[in-house]
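Here is the structure we will look at, set down as structure tokens.
Values quoted throughout were computed directly from the atomic coordinates according to the rules given, and no laboratory measurement underlies them. Please read all numbers here as calculations on a predicted model, not as lab measurements. Virtual Cβ from ideal backbone geometry, glycine too; neighbours counted across all protein chains shown.
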Amino acid sequence: MRKVSEKDYHMFITWAKANTANTVYPSSIAEGIQSGDIYVNDDADVETVLFWHHCGFGYISGKPSYDFLNDIYSVMTSDHNRKRLVLITSDEEVADYFRDKEVLLDSRAEYSYLSDRNISATDITGFRIEQIDEENLSRIEGRIIPSFSWKTPDQFLKHGFGYIALDQERVCAIAFSAAVSSDEIDIGVETHEDYRRKGLAAILAGRMCERILKIGKKPVWAHSISNTGSMNTALKCGFVKHKVNTVIRRRNSD
């Protein structure tokens, strides 16, 4: 497979929006909103496209050949790549290719937004909510935070947004735009372990949904099938599960 020049990314917007597993992550790359790489098959005619997001998520559009999947497997398992590749697919033939390989297969639930539950109006006595800005962004710690899916703080502040809950001056929960396209926003959430089961994630995610709808886009949500906390938050906010994708990643990767 060959890498596409960034100046040509716009030529793959249609491919991104036709992805059967997810559209917001591929589109965020093709539309130039977030960082990532695009690869196509080696032939002159493009038949398959791989969108590889800054966060490591990879999505295939089209029908990949055996050689194309071999190339992806080589990249995924290489010790020389600084960026992980976690392939997310709804294509059973792609999943079947990897079943006898040295990788791990998991499942990822994808949600669409059904209704406004007005969660953000819930009382959170003892906590303060702030919108993420240049001043407080550097104080956010954790794994699922803006630096997970945005290459630079400036990129996030220009194209993304989010909210934090604070206990005095300690950031204890966050909800933010993990992926942004022209018509969808994927919501990422994380709550510090000392503050879980207080409903903070749902309250912040509710704020996100309100703002996303206000700017005319669709909120979307996804999580590992085993993450019941994320599932409960999604359902509480008015999301409904509409598909389950296969996740393929290297062994011993996070």
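Summary table
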| quantity | calculated |
| --- | --- |
| Entries in LYS17/LYS243; LYS151/LYS217; LYS151/LYS218; LYS63/LYS214; LYS158/LYS243 that, when Cα-Cα distance is taken, lie over 28 Å | LYS63/LYS214; LYS158/LYS243 |
| Label-point separation in nm, GLN131 to SER78, each point 7 Å along Cα→Cβ | 4.1 nm |
| Stokes-Einstein D in µm²/s, Kirkwood radius over Cα pairs - the stretch 6-60 at 37 °C with 0.692 mPa s viscosity | 302 µm²/s |
| Values of log10 I(q)/I(0), in the order q = 0.09, 0.17, 0.18 Å⁻¹, for the stretch 115-237 under a Debye, Cα-only, solvent-free model | -0.21, -0.81, -0.92 |
| Proximal aspartates and glutamates to LYS3, defined as alpha-carbon separation beneath 13 angstrom and excluding residues fewer than eight positions away on the same chain | ASP37, ASP42, ASP43, ASP71 |
| Value of D in µm² per second that Stokes-Einstein yields for the chain, Kirkwood Rh from Cα pairs, at 4 °C (1.567 mPa s) | 69 µm²/s |
| Point-to-point label distance, LYS3-HIS159, nm (Cα→Cβ direction, 7 Å offset) | 1.8 nm |
| Estimated distance in nm for a label pair at SER224 and HIS192, the labels positioned 7 Å out from Cα along Cα-to-Cβ | 2.3 nm |
| Computed FRET value (nearest 0.05) for ASP45 with ASN232, which takes r as the C-beta separation and R₀ as 51 Å | 0.65 |
| Signed unit charges on C-beta, dipole axis of the stretch 171-254, positive-most listed residue ASN227, LEU204, HIS242 | HIS242 |
| Footprinting exposure proxy for ARG251, ARG211, ARG139 (fewest neighbouring C-beta atoms within 10 Å first) | ARG251, ARG139, ARG211 |
| Calculated [θ] (222 nm, deg cm²/dmol) that DSSP helices of n ≥ 4 give over the chain, each run adding -39,500 (n - 2.57) | -7500 deg cm²/dmol |
| The stretch 169-249 - Rg (one decimal) and Dmax (whole number), Cα, Å | 13.0, 39 |
| About the Cα centre, charge dipole magnitude for the stretch 59-194 (Lys/Arg +1, Asp/Glu -1 at Cβ), debye | 240 debye |
| Filtered GluC sites (Glu not before Pro), the stretch 24-107: DSSP coil and at most 15 other beta carbons within 10 Å | GLU47, GLU102 |
